[in-house]
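What follows is a single structure, written as structure tokens, with notes after it.
Where a number appears in this text, it was derived from the coordinates with a stated rule and is not lab data. Keep in mind that what you see is a predicted model, and the values were worked out from it rather than measured. Cβ atoms come from the backbone with ideal geometry, glycine included; neighbour counts cover every protein chain shown.
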Amino acid sequence: MTTSTLSTTTTQTWIWQGFPICYQAQGDTGPAVVLIHGFGASWWHWRHNIPVLAQDARVYAIDLIGFGASAKPIPGELKPGEQVPYSFETWGQQIADFCTEVVGEPVFLVGNSIGCIAAMQAAIYAPEQTLGIALINCSLRLLHDRKRQNLPWYRRFGAPLVQKLLSFTPISQFFFNQIAKPQTVRKILLQAYAHPEAVTDELIDIMMAPASDPGALAVFVAFTSYGQGPLPEDLLAVLPCPAIMLWGTADPWEPIALGRELAKFPQVQKFIPLEGVGHCPQDEAPELVNPILQAWIEENSN
């Protein structure tokens, strides 16, 4: 496991649509790179990548609204006219606006899991701002309304039932409280990571920290009941920039065989399997991921 210091990383706040958004910045020269985390994570999930990439680039890592140290507005309490958060359209617009207002020039986007979907949505919203996208174990959105018919019957009917139950606050509060425990988070991560030694106490703390924030429950309920929005294949079909795909072969949630199908879109320049790595390769195996990203950024910057 490679570790790196973040002593030169700067925590900053950007106000987007009236909401404070947390982001990090490191690096003084080179092309701009924006890192986008997955569900339940934050910019900290890139802590082993930021210093390495910042050797040759200006690196930004943003907390999507609803996650990390960014605002977590409760949808039912928003004022009339305010945008309802927690959809890929919202996150895509947030990233596109960040690239325009904060970075101020075209960027390379790097996403993990649902961060890949948000990154592609951002590229479609602001094609002039996107030089390329690296998709790391892209979310396949297998519980999307349009994909449920392909699931086993118990998952096809079970998911809507769970979503309905979670709409009742006492039930969702109980369920969230059970998940938001260090031992439960550790079990989930041990499933997602193929190398158990990568599931450190530091990682547990990183994942646990936002769970106590006001609005954390609302974010959880809103996203778990979200079965609409774009599928990765929808976005890849109209992606306005080149992409590469990295995929941990041991990912239990996003099967690599389905990932290879996505790689057939002409926008995907390379598909790189990462043997024996799970769902979050940037954190589990940064020694594999960082050189790939560095080479990709350099090749596409010239």
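Taking amide H atoms as placed 1.01 Å from N in the peptide plane, the amide H of Leu274 lies under 5 Å from those of Trp247, Gly248, Thr249, each 5 or more residues away in sequence or on another chain. Each residue of the stretch 181-196 was assigned a 3J(HN,Hα) from its phi angle through the Karplus curve 6.51 cos²θ - 1.76 cosθ + 1.60 (θ = phi - 60°); the sequence is 10, x, 5, 6, 4, 4, 4, 5, 5, 5, 6, 6, 9, 7, 9, x Hz, with glycine and proline shown as x. Around the amide H of Phe39, modelled in the peptide plane, lie the amide H atoms of Ile114, Gly115, all under 5 Å away and 5 or more residues distant in sequence or on another chain. Label sites at Gln12 and Thr249, each approximated as a point 7 angstrom past Cα along Cα to Cβ, lie 4.1 nm apart.
Remark on Cys138: its backbone amide H falls under 5 Å from those of Ser113, a criterion applied only to residues 5 or more positions apart or on other chains, H modelled at 1.01 Å from N.
The 3J(HN,Hα) values that the Karplus relation (6.51, -1.76, 1.60; θ = phi - 60°) gives for the stretch 123-138 are, in residue order, 5, 6, 5, 9, x, 6, 9, 10, 8, x, 10, 9, 9, 10, 6, 4 Hz. Gly and Pro appear as x.
Full extension of the chain segment joining Ile179 with Ala209 gains 9.5 nm, where the gain is 0.36 nm per residue of separation less the Cα-Cα distance.
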